[in-house]
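Only one structure is covered here, and it is reproduced in the block below.
The values are calculated or read from the model by the stated rules, or taken from the named source; none is laboratory data. Being a predicted model, the structure only gives us computed values, none of them experimental. A quick note on method: Cβ atoms are made from the backbone with ideal geometry, for glycine too, and the neighbour counts reach across all protein chains shown. When the accessible area is computed, the model is the full protein with side chains, heavy atoms only, and any ligands, DNA or RNA have been set aside. Shrake-Rupley method; radii C 1.70, N 1.55, O 1.52, S 1.80 Å.
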Amino acid sequence: MIFSDILFDLARRNLQLHSLRSLLAVIGIVIGVLAITSMGILGASLQASVTDQFSDSVNILTVSSDSRGGYDKITDRQLKEITTAAGQSNVFALNTEYDRITVGSEMGFVGITALKPEYMSDLLELSSGRFPKAAEGVAVGQTLADEYDLKVGSRITIGKDDKEKRVRVLGILKNTGFGGVISTDYSIISSERWYFSVYGDTKEYDQVAVQVRDMDDIDSVKESIETHLNRNRKKVVTIMDSRDFLQAVNGVLGTISLFIMAIGGISLLVAGVSIFNVMLMSVNERVKEIGILRSIGTQKQEIRMMFLYEALILGFTGSIVGGLLSFLGGGAIVYLMLNDLSCLFAPSTMVYVLYGVIIGTTVSVLSGVYPAYKAAELNPIDALSAE
Amino acid sequence: MSKKPVIKLDDVTKIYPLPAGDVVALDNLSLEVTEGEFVAIMGASGSGKSTLLNQIGCLDVPTSGEIYIDERSTSEMNDYELTELRRDKIGFVFQKFNLIPLLTAYENVEYPLVVKHKKRDTSGRPEELLRRVGLEGAMITHKPTELSGGQQQRVSIARALVNDPKILLCDEPTGALDSQTSSSIMDLLTELNEQGRTVVMVTHDLHVAEYAHRTIRISDGKIV
């Protein structure tokens, strides 16, 4: 490749000579890069934040009845089969009912999940109080507690009309976000005893959670349950581990962030068009100069390089500024949406800044290709006689 | 020992095809210029003298005929080779100086060296040439627009000389200068010619043509 820095100087000085025009073209690239990079940062931060929330429950499989099979719940027999198939893993059967609650004058509708008291400490975490041991009370999620101003010792009325039951809050659970097997943030956890006394014991369960002791066994346990229950190619249960869910959520988030980046990309495309325009103007203004340069021995490819340098300077400057600003822009959006900036400087986020700079610079240089070609192909005599 | 022909044109014809009919700018023109000669080309406007200079300067290729520069035929050369030939063998001096406005006087002279060697000059040759044509000190850091016409033409002559070409092609070198500046520029060209450089100059000024050893008159694309 030819690199004579006098051509680079010529490109730089020409841009300086038309500083306002150059600045406007750079601003276009800044906006374009800022748009795609900020969107990329947002997408990456969302994914990082979701992944972070899931990592706690990654050793848990959830088994539920495959609704296409015609069964709504896991039967007692199936539970036993799952327990056998799961080997050494802990198996928890869960039932969830939705009911009305009344706290003082406030009313609402929440999920009530029943669990054996001895399993509660394995699956859930308290922020205050204790777990119910029998039918003496319930534990509630943090979000629910905040909303109804519940504290350890508060009383809740569950159900309506003649089925009303008053229970005491014994414990408040830590928030788990997306993470838990059962989403407990906005729900009530009761013992099976209490639950069956209110909703009856049907010997059927909505969901079975299998806590694998060793992370490495998660696939073999999953397969074992699969072969035990889904015999004869009949799908009776669906087994999900949080990785599947995480993958699904991340897949969706990835698609969304790609889509919003594409929208940001439109502004970069517009910026590319403006670079193209600036470069064409530059070529048209400098026809005479191109003629002189050619007549005194400048090769076509050197003329091309000179104009590509212009596009490169515009694009690189704009991309670097845009990349730096996207920390602010992306940071602001992430902060507004996630209230947490810890993901902003993660490598998976930073890589979008790098992509933004590379894409921005590439778009500019590509926009300069045709004008540079046009400049190089001018006939020296015609160019010299231009005024 | 007879001197070598540094420029040789054999039956050169240049036709510009135009919608209103072809224009014959050069008509079977043959010409030889030997090394160290100072030749003036004269003729009315439209006579073909600028076309002839462009042909000698390898800025254009003839429709038919052969052109030899320094005994090399140019007819088989591609654009890259013709550009190299212009860079290394020919120095151009134009009527309107044609300096690069974005470069300083020094950089204008340095430029052909940079495109030849692909690096900035360290030999000091541009300063030396500028001193020889009468520019030195802070003056060489000025942009062309900050210099007088005579000074600009001196810079352009220094630029033409920087790659030590055999041939100096001048297109109305004094056309944009007053008479006093003109004669000092002509003295400079004469001096360069006396040092052995071949000078071919297009002019319509009889007084300027008197500096040359030989005057060629052109009319309708032919030597008369």
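Treating cross-link reach as a plain straight distance, find the lysines whose alpha-carbon is under 21 Å from the alpha-carbon of residue B:3, omitting any fewer than eight places away in the same chain.
B:89, B:166
Which helices count as membrane-span-like in chain A under these terms: full DSSP H, at least 27 Å along the axis by C-alpha, Kyte-Doolittle mean of 0.5 or more?
Membrane-span-like by this rule: A:19-54, A:242-285, A:300-338, A:347-376.
In whole angstrom, how far apart do the alpha carbon centroids of segment A:110-165 and segment B:1-60 sit?
Answer, in whole Å: 104.
Return an integer: the convex hull volume of the alpha-carbon atoms of segment A:269-387, in Å³ per residue.
97 Å³
Quick one: divide the alpha-carbon radius of gyration of segment A:41-153 by 2.2 N^0.38 Å and tell me what you get.
1.33
Please list the non-local residues whose amide H lies under 5 Å from the amide H of residue B:7, H modeled 1.01 Å from N, same-chain partners needing a gap of 5 or more.
B:33, B:70
Please report the projected area of segment B:114-165's Cα convex hull averaged over all directions, in nm².
The orientation-averaged projected area of the Cα hull of segment B:114-165 comes to 3.8 nm².
Under 17 Å between alpha carbons, and skipping anything fewer than 8 positions from residue A:80 in its own chain: which lysines qualify?
Answer for residue A:80, where 17 Å is the Cα cut-off: A:116, A:203, A:222, listed by chain and number.
So the label point goes 7 Å from the Cα of residue A:335 along Cα→C-beta, right? Which residues of segment A:15-51 then have their backbone N under 19 Å from it?
A:34-35, A:37-46, A:49
log10 I(q)/I(0), Debye, Cα-only the protein assembly as shown, no solvent, q = 0.13 Å⁻¹?
Per q value, in the given order, log10 I(q)/I(0) is -1.24.
Cα extents of segment A:196-296 along the three principal axes, largest first, in whole Å?
Cα extents, longest axis first: 94, 35, 29 Å.
Give the value in nm², to one decimal: projected area of the alpha carbon convex hull of segment A:104-205, averaged over all directions.
Quarter of the Cα hull surface area: 6.4 nm².
Send over the per residue convex hull volume for segment A:64-113, Cα only, as a whole number of Å³.
97 Å³
For segment B:61-149, what is the convex hull volume of its Cα atoms per residue in Å³?
In segment B:61-149, the Cα convex hull volume per residue is 137 Å³.
For chain B, just run the numbers: alpha carbon Rg, then divide by 2.2 N^0.38 Å, N being how many residues it has.
The reported ratio for this selection is 1.01.
One quarter of the convex hull surface, Cα atoms only: what value does that give for segment B:116-224 in nm²?
So the Cα hull casts an average projection of 8.5 nm².
Place a +1 charge on the Cβ of each Lys and Arg in the protein assembly as shown and a -1 charge on the Cβ of each Asp and Glu, then give the dipole magnitude about the Cα centre in debye, rounded to the nearest 20.
680 debye
What figure in square angstrom, to the nearest 10, would you give for the accessible area of residue A:366 with a 1.4 Å probe?
Result for residue A:366: roughly 120 Å² accessible.
As a test of the formula, what do you get for chain B when each DSSP H run with n ≥ 4 contributes -39,500 (n - 2.57) and the sum is divided by the residue count, at 222 nm and rounded to the nearest 500 deg cm²/dmol?
Helix contribution divided over all residues of chain B: -9500 deg cm²/dmol.
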